[in-house]
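Colleague: A single structure is presented below for examination.
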Amino acid sequence: MKDILLISDNQELIQNLETIVTFMGDSCLSRGLSDCDTYLSSSGADAVLIEHSSEAIVNKLVTKYPHIPFVALVQNEGEANVNCNLVSVISTPLTYPVLTQAIHRCQEYSRRKPNLSKSSGTKTRLFRSLVGKSDQIQIVRRLVEQVAPTDATVLILGESGTGKEVVARNVHFFSERKDGPFIPVNCGAIPGELLESELFGHEKGAFTGAISARKGRFELAEGGTLFLDEIGDMPLQMQVKLLRVLQEKTFERVGGTKPLKCNVRIVAATHRDLETMISQDKFREDLYYRLNVFPIDSPALRQRKDDIPLLLQEINSRIQGDGVDGVRFTERAIASLMEHEWAGNVRELSNLVERLTILYPGHIVDISDLPEKYQYGDTAAYEPDYPEEILEREAFNSLFAESAAQERIEEQVLELGESAETAQDKFISSTLPEEGVNLKEYLSELEVNLIRQALESQEWVVARAADKLGMRRTTLVEKMRKYDIQRTEDA
């Protein structure tokens, strides 16, 4: 700690505290209980060690300065309790181990304290892509902040789809090299015989097809960051050449003899267990220790399921930024998604949201709208119950549409030579007779006729006949009861 304030009216205690704190290598100053408030209001402190001789004064200071961590010094245990920024209570006489533990708590309180004044600018952009409030993602953020200003080689470990490239881009963006290029290379996607040329470039005529000189990724990343994704898939012969570049900071183009210096920061990533690969002679141990200077574990989504609501919001915002209507989720749908194991991690979640925006643009998605593999718990879907007049109106519309279609079929049948009598037996004419018609009776006869046809064609299985007529089974049963439609013995 830079400035530790010692508060006590006991000079002997102050001297003991100053001796221990100075021995620890920290700076300190002291004040009495009467004038400590004035000093804190004007100058502040990184931590305060205060004698608990007056509970009223201690409580007042702890409450008034919530951004400062306090350590209470008591004579008897139980005189005070740890609470918020009163981070530790230790009894006198003091011992070095106990005091160092208390000072460590003060450091942690200050280090992890939310700092809203820094939430704008670059930090907002950093945190926007590393979405979440879980402990796992908070650790990743802190590691990125700590390593980014240095030139240390970073090795990002984690399963596929956890966002390892996102972490790498943030390491670059938050570094002094942010104005330089960020060049990604997927070592597993490039054939081994071409990888050397991709990384180091080649001279004209170096091999068949090399009609001109070409810069490699190391030259393109000069002054910036080279991201070697899936480093575990790099062939062994290339691992040797990469190790030499990391050691000597120079390389040669394929077919060239002139050594080229490189000023490039290396960030590597893999989903493989490199230590197991080393034991199987599939990865060089010396290269592993060159890369593993500062490891960062990218957590799997199943380890931070509480971040899923924030991730859904972020993915939705990104999709809407492309001019596409997003989707919203019910609490049941979010709870169901939080039950899933997410083998594909954040990439799988992103793909799911994109799929749902295609299926339900601008809609609210419930658990029953999710693909079956993402449904957990009560998945019963809401089925609307419509008034009878709406169902009958839709049924009549369907019947008239079907009747018109039948008339067209009848005309085609007549053209093929079938007799008019046979066609009349099959279809009911919808032409208005000159003498008029009782529409209610006509519609009833038409409805009865079609219901009988549907039932007979489906062997009087009511559920299948209802599907044929486009109505609910209960509605068809009511109509059969209304018109007294029953299966005859010869049917």
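Colleague: Does any residue of the range 312-334 turn out to be more than 19 Å from Ala168 (Cα to Cα), among the aromatic types (Phe, Trp, Tyr) and under 16 Å from the mean Cα position of the chain (by Cα)?
Modeller: Checked against the condition, which is being more than 19 Å from Ala168 (Cα to Cα), among the aromatic types (Phe, Trp, Tyr) and under 16 Å from the mean Cα position of the chain (by Cα), the range 312-334 yields at least one hit.
Colleague: Any residue that is among the basic types (Lys, Arg), assigned to a loop (DSSP other than H, G, I, E, B), surrounded by fewer than 16 Cβ atoms within 10 Å (Cβ to Cβ) and more than 16 Å from the chain's Cα centre (by Cα) - is there at least one of those in the range 248-270? Full working, then the answer.
Modeller: Filtering the range 248-270 for residues among the basic types (Lys, Arg) gives 249, 253, 258, 261, 265.
From the residues that got through so far, the ones that are assigned to a loop (DSSP other than H, G, I, E, B) too are 249, 253, 258.
Add one more test, that the residue is surrounded by fewer than 16 Cβ atoms within 10 Å (Cβ to Cβ), and what stays is 249, 258.
Add one more test, that the residue is more than 16 Å from the chain's Cα centre (by Cα), and what stays is 249, 258.
Yes: one or more hits.
Colleague: Can you tell me which condition Glu203 does not meet? The list is (1) at pLDDT 95 or above; (2) out of contact with any Cys (no Cβ under 9 Å at 6 or more places or on another chain), and all the others hold.
Modeller: Result: Glu203 fails condition (1) only.
Colleague: Sticking with this structure for a sec: If you go through the range 448-461 one residue at a time, how many are assigned to a loop (DSSP other than H, G, I, E, B) and either surrounded by 15 or more Cβ atoms within 10 Å (Cβ to Cβ) or touching a residue at least 60 places away in the same chain (Cβ under 8 Å) (or both)?
Modeller: Here the count works out to 2.
Colleague: For the range 327-356, which residues satisfy the criterion of being of a type outside the set (D, E, K, R) and open to solvent by 10 Å² or more (accessible area, probe 1.4 Å)?
Modeller: Phe329, Thr330, Ile334, Ala335, Met338, His340, Ala343, Gly344, Val346, Ser350, Asn351
Colleague: Answer yes or no as to whether Leu143 is modelled with pLDDT of 85 or more, surrounded by fewer than 20 Cβ atoms within 10 Å (Cβ to Cβ), of a type outside the set (Phe, Trp, Tyr) and in contact with a strand residue (DSSP E or B) (Cβ under 7 Å, 6 or more places away or on another chain).
Modeller: Judged against the criteria, Leu143 is a match.
Colleague: Let me ask another. For residues that are touching a residue at least 40 places away in the same chain (Cβ under 8 Å) and over 9 Å from Val71 (Cα atoms), tally how many sit in the range 82-113.
Modeller: 10
Colleague: Condition first: under 47 Å from the mean Cα position of the chain (by Cα) and outside any helix (DSSP H, G or I). Now tell me which residues in the range 462-491 satisfy that.
Modeller: Gly470, Met471, Arg472
Colleague: Would you confirm whether or not the range 212-230 contains a residue that is open to solvent by 50 Å² or more (accessible area, probe 1.4 Å), hydrophobic (A, V, I, L, M, F, W, C) and closer than 25 Å to Lys282 by Cα?
Modeller: Looking for residues that are open to solvent by 50 Å² or more (accessible area, probe 1.4 Å), hydrophobic (A, V, I, L, M, F, W, C) and closer than 25 Å to Lys282 by Cα, one finds none in the range 212-230, hence no.
Colleague: Pick out the one residue from Arg355, Arg347, Arg318 that is among the charged types (D, E, K, R) and in contact (Cβ under 8 Å) with a residue 40 or more places away in the chain.
Modeller: Step by step, each of Arg355, Arg347, Arg318 is checked, and only Arg347 is among the charged types (D, E, K, R) and in contact (Cβ under 8 Å) with a residue 40 or more places away in the chain.
Colleague: While we're looking at this one, here's another question. Filter the range 432-461 for residues that are more than 60 Å from the chain's Cα centre (by Cα) and over 21 Å from Ile390 (Cα atoms) and give the result.
Modeller: Leu432, Pro433, Glu434, Glu435, Gly436, Val437, Asn438
Colleague: Search the range 196-214 for residues that are on the phi < 0 side of the Ramachandran plot and basic (Lys, Arg) and pair each with any residue that is open to solvent by less than 50 Å² (accessible area, probe 1.4 Å) and not in a loop (DSSP other than H, G, I, E, B) when their beta-carbon atoms are under 7 Å apart and the residues are at least 6 apart or on different chains.
Modeller: That search, which allows pairs on different chains as well, returns Arg214/His202.
Colleague: Looking at the range 169-217 only, could you name the residues that are in a strand (DSSP E or B), within 16 Å of Ala268 (Cα to Cα) and either out of contact with any strand residue (DSSP E or B) (no Cβ under 9 Å at 6 or more places or on another chain) or of a type outside the set (Val, Ile, Thr) (or both)?
Modeller: Phe182, Pro184, Asn186
Colleague: Report whether or not Gly44 is at pLDDT below 85, within 47 Å of the chain's Cα centre (by Cα) and over 21 Å from Gln101 (Cβ atoms).
Modeller: Details: at pLDDT below 85: yes; within 47 Å of the chain's Cα centre (by Cα): yes; over 21 Å from Gln101 (Cβ atoms): yes.
So Gly44 fits the description; yes.
Colleague: Suppose we filter the range 278-326 for residues that are part of a loop (DSSP other than H, G, I, E, B) and either crowded, with 17+ Cβ neighbours inside 10 Å or acidic (Asp, Glu) (or both); how many remain?
Modeller: Our first condition is that a residue be part of a loop (DSSP other than H, G, I, E, B); within the range 278-326, this holds for 280-284, 292-293, 298-300, 304, 322-326.
Keeping just the survivors that are either crowded, with 17+ Cβ neighbours inside 10 Å or acidic (Asp, Glu) (or both) gives 281, 283-284, 298-300, 304, 322, 325-326.
Residues meeting the conditions: 10.
Colleague: OK, next. Applying the selection to the range 175-211, what residues are open to solvent by less than 50 Å² (accessible area, probe 1.4 Å) and among the hydrophobic types (A, V, I, L, M, F, W, C)?
Modeller: Result: Phe182, Ile183, Val185, Cys187, Ile190, Leu195, Leu199, Phe200, Ala206, Ala210.
Colleague: Mind checking which residues of the range 32-84 are among the small types (Gly, Ala, Ser), part of a loop (DSSP other than H, G, I, E, B), open to solvent by less than 80 Å² (accessible area, probe 1.4 Å) and farther than 23 Å from Glu108 by Cα?
Modeller: Hits for the range 32-84 are Gly32, Ser53, Ser54, Gly78.
The values are calculated or read from the model by the stated rules, or taken from the named source; none is laboratory data. Every value quoted in this text rests on a predicted model; they were computed, and no experiment measured them. Using ideal geometry, Cβ is built from the backbone for each residue, glycine included, and neighbour counts are taken over all protein chains shown. Ligands, DNA and RNA are excluded from the accessible area calculation, which covers all protein heavy atoms including side chains. Shrake-Rupley method; radii C 1.70, N 1.55, O 1.52, S 1.80 Å.
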